[in-house]
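Data block below; observations after.
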Amino acid sequence: MSIKLLPSQLINQIAAGEVIEKPASIIKELVENSIDADAKKITIKFNDGGKSFIQVIDDGCGMSKDDLKLSFQRHATSKIAESEDLINIKSLGFRGEALPSIASVSQIVARSATEGSEGSEIIIHGGVVKSEAPSSILTGTFIQVKNLFFNTPARRKFLKKTETEKRNIYQVVKHFMLAYPQIAFSLLEGDRKIYKLEAGDLHHRITQMYGRRFSSSILPVSLSKDRFSVNGYIGSLNLVKKRQGEQYLFLNGRSIQNRLLNSSIYSSYKSLLNRGEYPFFVLSIDMPPDMVDVNVHPAKSEVRFQDEWRVFYVVKSAAAQALSDLLKAIPDFQPYNRYSGTYADTHLTKQISLPTEPVNPASAETAPHKRVDQFDNLDKHTASPINENTIERAHKRIESIMKNQLVDENIPIDNVWQLQNKYIITEVNNGLIIIDQHVAHERILFESAKKALDGNGLPSQTVLFPQTVKFQPEEYVKFIDIVPYLNKIGFRMRDFGENTVIIEGIPSEIYSGTVEEILHDILDKYIDRLEINASFLDHMAATYACKSAIKAGERLKNDEMINLVDKLFATEHPYYCPHGRPIIISLSMDELDRRFERI
Ligand code: ADP
Ligand code: MG
């Protein structure tokens, strides 16, 4: 076998294997080039998950006719010239590999013009120049990439489903949008506008991307130490999620992945976060380029720090400083008072109230014989909100209630009192019971929502001031799936463009202020499982119930209390709320007599 130098075309294709694993990586390379070219506005368009069409247009410095041609040659770069430059990299690109690699496995049209000179166009198919011509393009660069891997069918087979590639693109583009708020970005899928963001500061950018809910729930982070600085925003507890994906870390303007850094930020929340809960953050670390090696891998998302532990320390201190007010304000905060996700974790709930068959016809059809077991869905990493003792106590309590038949459901209730605007006390045939008004109402709403999901739905009440709720594009595609179920419990809404819905009607028992929170909570649960089954529908009903129930601290009128107690005993399970807390505590005459030492 004789050794030969590979033809450059083949070298480029091999290199393409490293740089371009998916359409999103092409977008990443092209946008990096636009940023390096000092663009103020970048427009990204794709079709078909980027597999058949990608286009990036910028208003950066552009290239002359000769440079445009040269830029598609291997190791042609304007960004470094000698090896010393390698330890002082300020630009995002520097290897001069991206354009030739992309060109070797696709069909490219590139146009560019520098300030004050005529533009030019080059067409390249599979690395071969097809044509060159003048172009009337304004200052800046236009790159269109069609039919990725058209000449390497084996690699084309490895492209993922359009949905998956699309999600990857959203992820990549979101990173740039958050790292460069001073650049205006547009993202289009075909003609559909996914994002249109004007230039501004980071707070404005986050608000534009995530909606108003975020703007009041992010805390500024700013710390400089030695030669490092850490800047950005970190989310308060309102923005904590049960899944990862909204943690953004940048190093000198480059998105990086670093598990250790992430966990050092999580740890700054101390006990406020449970395992399996993830806060929102967008943090930029800046340090002199010579203190970090970004040349570890062509995709450059891994970096090597010279002084790793010091970086962790500074980042953690910066986050802790931002959170310190929050930590001071709620010294004994119980994170699991928040509802989300705690439902399936209670053994008791399953025993006394959860159906084990799919309750909605759609899922029953697709899986007619499948039993949906709550325990299968248990997230092993989620700390149980209710400990064994509570459950045991609850069991004992329910047994004693059942045994003593304390509550005769046929006896009309007329004597009711409210204690501290929180508990309702009423007399029953064999003593008295104390009812937690919030959980009682929650149980009532939960069961009515469940019935609505099974049957004809709940009435909806039209809102006076329709409110919009914003989603991330990758969330929005999922959100569409659950809209029919939301309609059933009384939410009416319409698409409002740019991954936003406008809420026109809400369940009649709900406060409109909590709508956004409810929708996001329900969606998160769905994204977690991506299956509409009994557990999901229960969660949906429970979230609705929890968020719209009477709160502790609300004063109730006499007839409201009687109504509540009546309705409670008309439910299937008046004794325990959907997440297993007791609703009723009883004091029997026996017990009273015993404690007063009468017997
Ligand atoms: P690198 O970015 O690593 O230098 P690329 O292959 O991505 O390598 O690009 C090669 C060269 O083409 C860059 O160094 C730059 O001079 C030029 N270039 C690429 N894209 C643009 C653009 N959008 N605007 C201006 N110049 C560009
Ligand atoms: Mg580049």
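The values are calculated or read from the model by the stated rules, or taken from the named source; none is laboratory data. Note that this is a predicted model, so its numbers are computed, not measured. We place every Cβ from the backbone using ideal geometry, glycine too, and count neighbours over all the protein chains shown.
When you check GLU447 against the structure, is it modelled with pLDDT of 80 or more and assigned to a strand (DSSP E or B), yes or no?
When the stated conditions are applied, GLU447 does not pass them.
How many residues are more than 23 Å from GLU447 (Cβ to Cβ) and surrounded by fewer than 17 Cβ atoms within 10 Å (Cβ to Cβ) if we restrict to segment 558-594?
The number of residues fulfilling the criteria is 8.
Conditions (1) in a loop (DSSP other than H, G, I, E, B); (2) within 15 Å of ligand 1 (Cβ to nearest atom); (3) farther than 24 Å from LYS41 by Cα, marked per residue:
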position: ALA81; (1), (2), (3): yes, yes, yes
position: GLY93; (1), (2), (3): yes, yes, no
position: GLU121; (1), (2), (3): no, yes, no
position: SER131; (1), (2), (3): no, no, yes
position: ILE143; (1), (2), (3): no, yes, no
position: PHE150; (1), (2), (3): yes, no, yes
position: ARG155; (1), (2), (3): no, no, yes
position: ILE169; (1), (2), (3): no, no, no
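What's the number of the only condition in (1) surrounded by 21 or more Cβ atoms within 10 Å (Cβ to Cβ); (2) in contact with a helix residue (DSSP H, G or I) (Cβ under 7 Å, 6 or more places away or on another chain) that ALA179 fails to meet?
(2)
Here's the yes/no breakdown for (1) under 22 Å from ASN147 (Cβ atoms); (2) away from ligand 1 (no atom under 12 Å from the Cβ); (3) in a helix (DSSP H, G or I):
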residue	(1), (2), (3)
VAL56	yes, no, no
MET63	no, no, no
PHE72	yes, no, no
ALA103	yes, no, yes
ILE108	yes, no, no
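Determine whether ILE3 is outside the structural domain of PHE149 (by TED's automatic domain parsing), over 15 Å from ALA113 (Cα atoms) and out of contact with any Leu (no Cβ under 6 Å at 6 or more places or on another chain).
yes
Looking at the structure I just gave you, is ILE206 over 16 Å from TYR476 (Cβ atoms) and either surrounded by 20 or more Cβ atoms within 10 Å (Cβ to Cβ) or touching a residue at least 24 places away in the same chain (Cβ under 8 Å) (or both)?
yes
Out of segment 214-232, which residues are part of a loop (DSSP other than H, G, I, E, B) and either surrounded by 14 or more Cβ atoms within 10 Å (Cβ to Cβ) or charged (D, E, K, R) (or both)?
SER217, ASP226, ARG227
Among GLY140, GLY127, which is the only one that is surrounded by 20 or more Cβ atoms within 10 Å (Cβ to Cβ) and farther than 30 Å from GLN472 by Cα?
Result of the check over GLY140, GLY127: GLY127.
With touching a Gly at 6+ places or on another chain (Cβ under 9 Å) and surrounded by fewer than 16 Cβ atoms within 10 Å (Cβ to Cβ) as the only criterion, which of ALA76, ALA133 stands out?
Matching residue, one of ALA76, ALA133: ALA76.
When you go through SER101, SER83 one by one, which is the residue that is modelled with pLDDT under 95, within 16 Å of ligand 2 (Cβ to nearest atom), more than 29 Å from the chain's Cα centre (by Cα) and in the same structural domain as VAL172 (by TED's automatic domain parsing)?
Selected residue: SER101, the only one of SER101, SER83 that is modelled with pLDDT under 95, within 16 Å of ligand 2 (Cβ to nearest atom), more than 29 Å from the chain's Cα centre (by Cα) and in the same structural domain as VAL172 (by TED's automatic domain parsing).
So in segment 106-123, with the set limited to residues that are away from ligand 2 (no atom under 16 Å from the Cβ) and of a type in the set (Val, Ile, Thr), which one is surrounded by the most Cβ atoms within 10 Å (Cβ to Cβ)?
ILE122
Assess whether GLY127 counts as being within 14 Å of ligand 1 (Cβ to nearest atom) and touching a Lys or Arg at 6+ places or on another chain (Cβ under 8 Å).
No; evaluated as a whole, the condition is false for this residue.
Just name the residue that is nearest to ligand 1 (Cβ to nearest atom) out of those in segment 1-43 that are surrounded by fewer than 15 Cβ atoms within 10 Å (Cβ to Cβ) and at pLDDT 95 or above.
If we take residues in segment 1-43 being surrounded by fewer than 15 Cβ atoms within 10 Å (Cβ to Cβ) and at pLDDT 95 or above, then ASP38 is nearest to ligand 1 (Cβ to nearest atom).
Looking only at residues that are within 30 Å of the chain's Cα centre (by Cα) and not charged (D, E, K, R) in segment 138-163, which one is modelled with the lowest pLDDT?
Among residues in segment 138-163 that are within 30 Å of the chain's Cα centre (by Cα) and not charged (D, E, K, R), the one modelled with the lowest pLDDT is PHE158.
Can you go through GLY235, GLY211, GLY190, GLY276 and tell me which one is outside the structural domain of THR468 (by TED's automatic domain parsing), surrounded by fewer than 16 Cβ atoms within 10 Å (Cβ to Cβ) and under 24 Å from LYS525 (Cα atoms)?
GLY276
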